[in-house]
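Peer 1: Below are the structure tokens for one structure; questions will follow.
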């Protein structure tokens, strides 16, 4: 089987600024034609919470950018792994919008966020290769898949994979979907091991023929705002239907090829995008095995942390590993499925044994 990639350290950065749903009560929400909604914000927020499960989200302090959040999470993961950062062979940072200054709408990716993280970590070793991954919300899992490939091939022994984003800075405040997004970062250190645990199998796919622009950059719904300034936009219903159709089958394909049975799966760590959508995905996944969904199989943090894109799963993992999620835990030998869906439209899944 050769070398396997094993997680030896986790870390996350959860911003301290809490934005509760009530903070949107006095927002001016408009539809895509620029018209006001018939119902007031109380109704909009109530419906939003019932669908997404989000009660509050976190925004990064004004002085920090995505690369700063990535660095904070990386420091914690490296400390947790108890390694010298100089022995890292790769630093892979997944994101979507680079560094965006507070109050700005311009994305900055020169140099790459991974280069910035390496600089902040004060790593001198030039053989430590730093690069970014742009793969939508599944970017962190894809980074782990790439790190696993480097380790399995013998090209690397230690890799740092980070997901970081400040989505609050690229949302259209007139769009009610802006309430979904949040900021944060999560990271893991993966190391080569001769054990038979670690990453057991993975699957990735890109659906672009009809689906490429389900998430896109578009103008504000407020027609008085400069049309050349672009914000994150999405076709929510199309994404929901796409995810519910394609993610469960990707998860099943991945699990079936991993050599593990459905009865061995202890947890499913899925991208925290929308509570109702995630529940539907898991229900359809278990239906493929003609089984009910086991109680407690899917830990959730979206209700308090919102959707921080690539950061959701590594943040969830870090909190789970450190016993910070009520009535949830992981133990040695546990089999876990990771899964995500996002812009592109990209999907991936990974089976991991701790």
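Peer 1: Which of the residues that make up segment 122-167 are over 21 Å from residue 205 (Cα atoms) and under 14 Å from the mean Cα position of the chain (by Cα)?
Peer 2: Matches in segment 122-167: 164, 165, 166, 167.
Peer 1: Residue under question is residue 339, and the condition is that it be within 16 Å of the chain's Cα centre (by Cα) and in a loop (DSSP other than H, G, I, E, B); does it hold?
Peer 2: In short, no.
Each row is one residue, and each column tells you yes or no for (1) in contact (Cβ under 8 Å) with a residue 60 or more places away in the chain; (2) within 20 Å of residue 76 (Cβ to Cβ).
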residue: 110; (1), (2): no, no
residue: 119; (1), (2): no, yes
residue: 137; (1), (2): yes, no
residue: 150; (1), (2): yes, no
residue: 155; (1), (2): yes, no
residue: 168; (1), (2): yes, no
residue: 176; (1), (2): yes, no
residue: 181; (1), (2): yes, no
residue: 199; (1), (2): yes, no
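Peer 1: I'm checking my understanding of the structure. Among residues of segment 290-310 that are assigned to a helix (DSSP H, G or I) and either touching a helix residue (DSSP H, G or I) at 6+ places or on another chain (Cβ under 9 Å) or modelled with pLDDT under 95 (or both), which one is nearest to residue 337 (Cα to Cα)? Outline the logic, then answer.
Peer 2: Narrowing segment 290-310 to residues assigned to a helix (DSSP H, G or I): 302-305, 309-310.
Restricting the remaining residues to those that are either touching a helix residue (DSSP H, G or I) at 6+ places or on another chain (Cβ under 9 Å) or modelled with pLDDT under 95 (or both) gives 302-303, 305, 309-310.
Working: 302: 18, 303: 21, 305: 21, 309: 18, 310: 16 Å.
That would be 310.
Peer 1: I'm checking my understanding of the structure. Among residues of segment 283-309 that are touching a strand residue (DSSP E or B) at 6+ places or on another chain (Cβ under 8 Å) and farther than 19 Å from residue 236 by Cβ, which one is surrounded by the most Cβ atoms within 10 Å (Cβ to Cβ)?
Peer 2: Only one residue fits best here, namely 285.
Peer 1: Just give me the residues in segment 5-52 being surrounded by 15 or more Cβ atoms within 10 Å (Cβ to Cβ) and assigned to a loop (DSSP other than H, G, I, E, B), in sequence order.
Peer 2: Answer for segment 5-52, where residues must be surrounded by 15 or more Cβ atoms within 10 Å (Cβ to Cβ) and assigned to a loop (DSSP other than H, G, I, E, B): 14, 15, 27, 29.
Peer 1: In segment 174-289, which strands (runs of 3 or more DSSP E) lie fully inside it and hold 3 or more residues that are more than 24 Å from residue 53 (Cβ to Cβ)? It would help to see each step written out before you state the result.
Peer 2: Values: elements: 183-193, 198-206, 215-218, 231-234, 265-270.
Where strands (runs of 3 or more DSSP E) fall fully within segment 174-289 and carry at least 3 residues being more than 24 Å from residue 53 (Cβ to Cβ), they are 183-193, 198-206, 215-218.
Peer 1: Has segment 91-98 got any residue that is free of Cβ contacts under 8 Å to residues at least 40 places away in the same chain, buried (at least 18 other Cβ atoms within 10 Å of the Cβ) and closer than 28 Å to residue 203 by Cβ?
Peer 2: Yes, that holds for at least one residue.
Peer 1: Same structure again: On the given criteria, is residue 313 within 20 Å of residue 197 (Cβ to Cβ), assigned by TED's automatic domain parsing to the domain that holds residue 245 and in contact with a helix residue (DSSP H, G or I) (Cβ under 7 Å, 6 or more places away or on another chain)?
Peer 2: It is true that residue 313 is within 20 Å of residue 197 (Cβ to Cβ), assigned by TED's automatic domain parsing to the domain that holds residue 245 and in contact with a helix residue (DSSP H, G or I) (Cβ under 7 Å, 6 or more places away or on another chain).
The values are calculated or read from the model by the stated rules, or taken from the named source; none is laboratory data. Since the structure is predicted, the reported quantities are computational estimates derived from the model, not experimental observations. Backbone-built Cβ (ideal geometry, glycine too); neighbour counts: all protein chains shown.
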